[in-house]
Structures are given as C-alpha cells and as structure tokens.
Amino acid sequence: MRKISAFIFIIFCLFALIFSYSSWKEKIQAAGSQNVSPTVVTSQEKAPDNVVEESFPSLDVTALTANMDVEAQRIFLNRSEAAEKVQILIVGSQAMDSGDPGYIELFKQSMTEAYSDFVDVDTKSFDGTSADFLLESTDLSAGYDIVVLEPFTLNNNGLVEIEREHEHIQEFARRIRAEVSDAVLILQPPQPIYGANFYLTQIKGLEEFALLQNYAYINHWNSWPDTNDIELKNYLTDSGSPAQKGAEVWATELSTYFIAE
C-alpha cells in the first residue's frame, strides 16, 4: 500500500512539473510578441527620384512656338519637358531703348503675357561698333538658351567692313555656346534709315550671311516703310532712332516670331 501511494505521488509531481513548464513557456512567448514593433503604413511615401513635377502645366508650348525656326522651338520644348525656364538675351544698339517705351520693353511685356515665368528676358544695349562690343567681354555666365543679336550694323557703317562684322558675329556665337552648348543665336537688323545708300548693302550682306550660316533672321524691315519712302520719317526720330511708331513695329515683328497667335 505504501508503494502504491509513493507511485501516485511521483506521478502527481510529474504532471505538476509539466503543467508549470507549459505555463511558463506561454508567458515568455506572450511577452516577446509585445516587444515587436508593428509595421507602420503612412500615406506620405517618398516619390521616385525620376518623377519631375511639371512647373508650367498651363502653357501649350508647341502652339506658342509655332512661328519659330526649328532650333529655337526645340529649345523651348526641351526646357519645358525638363521643367526649366528659357533664358533669353537680347543684344543690340541703343535703338532698343528708343521710343516711349522702346521696342525691347514692349517685347518683354508681350513675352510675360504669353509665357508668364517660363521665360526670362535679359537685355544688353551697347553704343559702339561690333569690334568695340567684343572687346567689352559681355557677361554670359547666366547661361542663355537663346540670344537675339542686332549686330551693330548701323554703328559699323563706314567703320567696320562687312566681312569683319560677320567674323564678330561668329566669335560672339562661339562665346555663347561655350556657356550653353545647344544655345541658339538669332540675328535681326537694326532699324532702317531714310535715304539709305551703302547701308542697304550692309543689310543685304547680313541677311545673306544669316542664310549661309543657318542663323534664324528676323526681318522686321518688311513692316517698315521703304527707305526711300518719306513716310519712314514718321517712324524715326530726327537722329534716325526708332520713334514710337518704329518701336511698335519692331516689337510686333519680334513678338510675332516668339509668340504664335
């Protein structure tokens, strides 16, 4: 009887040990699961690096640039796709400021109305010849995409040979492209003058040079009276600079090139 009681006691102890071990293991597992940080899901996930926010979504750049030459239009389209501004520089004689306002101010107003902040227009006027201008070392470090040059042809009259003027244009083009490799240079003549003689030869030479070298050429002369037409005097001041009517004609032609209706 004593042996049976001892056996039953041993069995009871074994069950107690097993039960205690199981309870202890369950508590350890429960405690471990409470220390694991849950996965947090937020709605503010980081955007992929190659996604570029479009800065100018309201502009139909293709339509606005329809009047431009292919290279200038390409600049506008490429910069738009890259969500970058187009940097434009207008260079020429002091005729750009003649008028109230001058043609350059009228042009800048038109560009702002059409393109808003997609386009920045800087200007550089110079009272001298093309040779003098190159010696001045104009700062181009802003990185201009398009430069419109009135190459001081009237100022060169009697001072700088036609061929030299063309060499000066080429040198200026090299300087522009040293800053922006795909920059575009566009040429335009100065204002017409009444009773022009050799000046007409200079202007014809500039237009032929632009065609030969594949520069776009904005021929605003088509909208002025002819140089032997007395009406031209109403477009010019007594000194031969653009008067208000002349500034408006010039600005309209320049704006028409950059802004299609």
Would you pick out the residues in the stretch 130-143 that are open to solvent by less than 20 Å² (accessible area, probe 1.4 Å) and in a loop (DSSP other than H, G, I, E, B)?
140, 143
With the requirement that a residue be modelled with pLDDT under 95, among the charged types (D, E, K, R) and within 20 Å of residue 77 (Cβ to Cβ), what does the stretch 110-144 give you?
117
Which residues, counting only those in the stretch 182-205, are of a type in the set (Ser, Thr, Tyr) and either touching a Gly at 6+ places or on another chain (Cβ under 9 Å) or at pLDDT below 95 (or both)?
194
Among the numbered criteria (1) more than 30 Å from residue 80 (Cα to Cα); (2) in contact with a Ser or Thr (Cβ under 9 Å, 6 or more places away or on another chain); (3) surrounded by 15 or more Cβ atoms within 10 Å (Cβ to Cβ), which single criterion is violated by residue 127?
(3)
Subset of the stretch 88-118 [part of a strand (DSSP E or B) and over 25 Å from residue 59 (Cβ atoms)]
91, 92, 99, 102
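For residues that are hydroxyl-bearing (Ser, Thr, Tyr) and in a helix (DSSP H, G or I), scanning just the stretch 58-87, find the one that is surrounded by the fewest Cβ atoms within 10 Å (Cβ to Cβ).
62
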Could you check, for the stretch 243-260, whether at least one of its residues is on the phi > 0 side of the Ramachandran plot and either among the aromatic types (Phe, Trp, Tyr) or surrounded by fewer than 18 Cβ atoms within 10 Å (Cβ to Cβ) (or both)?
no
Candidates 165, 150 - the one that is more than 29 Å from residue 77 (Cα to Cα), open to solvent by less than 60 Å² (accessible area, probe 1.4 Å) and charged (D, E, K, R):
165
Can you tell me which residues in the stretch 88-112 are open to solvent by 20 Å² or more (accessible area, probe 1.4 Å) and either free of Cβ contacts under 8 Å to residues at least 40 places away in the same chain or within 20 Å of the chain's Cα centre (by Cα) (or both)?
97, 105, 106, 108, 109, 110, 112
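Here is a check on your reading of the model: is residue 178 of a type in the set (A, V, I, L, M, F, W, C), within 22 Å of the chain's Cα centre (by Cα) and open to solvent by 70 Å² or more (accessible area, probe 1.4 Å)?
Yes, satisfied.
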Looking at this structure, is residue 236 more than 17 Å from residue 71 (Cα to Cα), at pLDDT 95 or above and surrounded by 20 or more Cβ atoms within 10 Å (Cβ to Cβ)?
yes
Cβ-Cβ under 7 Å pairs, at least 6 apart or on other chains, the stretch 190-214 side without any contact (Cβ under 8 Å) to a residue 40 or more places away in the chain, far side surrounded by fewer than 11 Cβ atoms within 10 Å (Cβ to Cβ)
195/228
Which listed residue is farther than 16 Å from residue 88 by Cα, assigned to a loop (DSSP other than H, G, I, E, B) and not acidic (Asp, Glu), from 214, 222, 155, 234:
214
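The values are calculated or read from the model by the stated rules, or taken from the named source; none is laboratory data. Note that the structure is predicted; figures quoted are calculated from it, not measured. All Cβ positions, glycine included, derive from the backbone under ideal geometry; neighbour counts span all protein chains shown. With ligands, DNA and RNA removed, areas are computed over all heavy atoms of the protein, side chains included. Shrake-Rupley method; radii C 1.70, N 1.55, O 1.52, S 1.80 Å.
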